[in-house]
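Read through the structure below, which is laid out as structure tokens, and then see the notes.
Rule-based calculations on the coordinates, nothing more; no lab input. Given the structure is predicted, the values throughout are model-derived calculations rather than measurements. Here the Cβ is made from the backbone with ideal geometry for all residues, glycine too, and neighbour counts use every protein chain on show.
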Amino acid sequence: MRADPLVVQRWRDLREMLIRQLDMFDTGRISLRADSLDVSAEAIANLKREIFAFDALISDDEAKQAAGF
């Protein structure tokens, strides 16, 4: 996969926004509820896992591009 620079920049912008919102969950300023249950902790863990997985995908692709692949 060749990461388009625009896609990478948009991901970084979105990532920054998501991290700010996740920090708000962590501090209790906002919460996520489903069927009257607070699901913030699970939602935060899932989102963070997906963010880090996508970061790794982009980093791997950037390293391959730098190496000439």
Query - Neighbour-count order for Met17, Met24, fewest beta carbons within 10 angstrom listed first - result: Met17, Met24
Query raised in the report: For labels at Glu16 and Ala45 in the simple 7 Å Cα→Cβ model, what's the distance in nm?
Result: 3.0 nm
Report summary line: Most exposed first, judged by fewest Cβ atoms within 10 angstrom, Asp35, Asp4 run Asp35, Asp4
Report summary line: Counted neighbours (other Cβ, 10 Å), sorted fewest up, put Phe52, Phe25 in the order Phe52, Phe25
Query raised in the report: How are the C-alpha pair distances of the chain spread across 10 Å bins, as whole percents from the shortest bin up?
Result: 19, 39, 24, 14, 4, 0
